[in-house]
Each structure stands twice: as C-alpha cells, then as structure tokens.
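Take a look at the structure below.
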Amino acid sequence: NKNVFHKLSYGVYVVSAWDNGRPTGCTANSAMQITSSPATIAVSINQTITETGRFAVSILAQDSLPSIIGTFGFQSGKDTDKFSQVEYRVADLMPVVADSCGYIACEVIDSMETATHTVFLGEVK
C-alpha cells in the first residue's frame, strides 16, 4: 500500500531483516523515498542485509513504546536477540515491529558502502 509513504517524515524507524533465520534490526532516523515509479526507498544502516536481499522499515508512531528505540538502537544484534524483547509479526516475508503505524517491505536493488554504514536502495514490494 503506497499510501504509507505519507507517513514518512523525519522520524524513527526500525530497519529489519533476517540473519541466519532469525529476525534482526536496528533503529534508523532516516528512510527516504527516492522514486515513486518504481517505488524506491533508501536507508543507511550499520548492518548487512544479505541473507534474503530484502529488508523492512517499520515506521514508529509518536505513541510507540519508547523502549523500542533503545532495544534496537543501543545494542548489537550480534550479541542480542532484539526481537525477543519486542512484539513483532512477519508481513510480506519480513519481520516488522507490531507497535508501529506502518511498514514498508523492500527488495534490495543497489547498495553503496560508506566508511561506517551501508546505504541500501530497496524497491517496495
């Protein structure tokens, strides 16, 4: 549902993917619409989205639990199963935070490495 693009603004997001069969994710403060046709989103994160070549962006609402930000932002997914602490569901084959106002599921179409992060371009599915 492309109407969810209207909910994108400067905010807080959880970018999620699968890592060896388990859900993982991190807090991000930017998710940008790059094009409308095909609908394409860009995210910049310090994690690799390689297992499935897909990712999801959960859009946190103003009334989402503040602990979600800390859970996904202040610890490494390599050391902690972040989704064990947060209610989630699988939607469009991706793990998404249940306490969000919407989500966008994407297939990676390109990426660019920077010194500390990777910028992923994802076509909305």
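The values are calculated or read from the model by the stated rules, or taken from the named source; none is laboratory data. Remember, predicted model here, so these are calculated numbers, not experimental data. Please note: Cβ atoms are built from the backbone with ideal geometry, for glycine as well, and neighbour counts cover all protein chains shown. Accessible surface is based on the protein model in full, side chains and every heavy atom, while ligands, DNA and RNA are left aside. Shrake-Rupley method; radii C 1.70, N 1.55, O 1.52, S 1.80 Å.
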Checklist outcome for this item: Rounded to whole angstrom, the alpha-carbon centroid of the range 1-62 lies from that of the range 74-125 at a distance of 5 Å
Item to check | Accessible surface of the range 13-125 [probe 1.4 Å, protein heavy atoms]: carbon and sulfur percent | outcome: 49 percent
Checklist entry - Pro38: net charge of surrounding residues, Cβ under 11 Å, Lys/Arg +1, Asp/Glu -1, itself excluded? => result 0
Checklist entry - Dipole magnitude of the range 1-104 about its Cα centre, charges +1 at Lys/Arg Cβ and -1 at Asp/Glu Cβ only, in debye to the nearest 20? => result 220 debye
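Taking all protein chains together and a probe of 1.4 Å, list Tyr103, Tyr88 from the most accessible to the least accessible.
On the way: Tyr103 60, Tyr88 85 Å².
Heavy-atom accessible area, descending, gives Tyr88, Tyr103.
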Checklist entry - Which number gives the lysine pairs in the chain that have C-alpha atoms under 27 Å apart and are eight or more places apart or on different chains? => result 4
Item to check | the chain: relative contact order as a whole-number percent, Cα under 8 Å and 6+ apart | outcome: 30 percent
Checklist entry - Any idea which of Thr80, Phe5, Thr40 is furthest toward the positive side of the dipole for the chain, if Lys and Arg beta-carbons carry +1 and Asp and Glu beta-carbons -1? => result Phe5
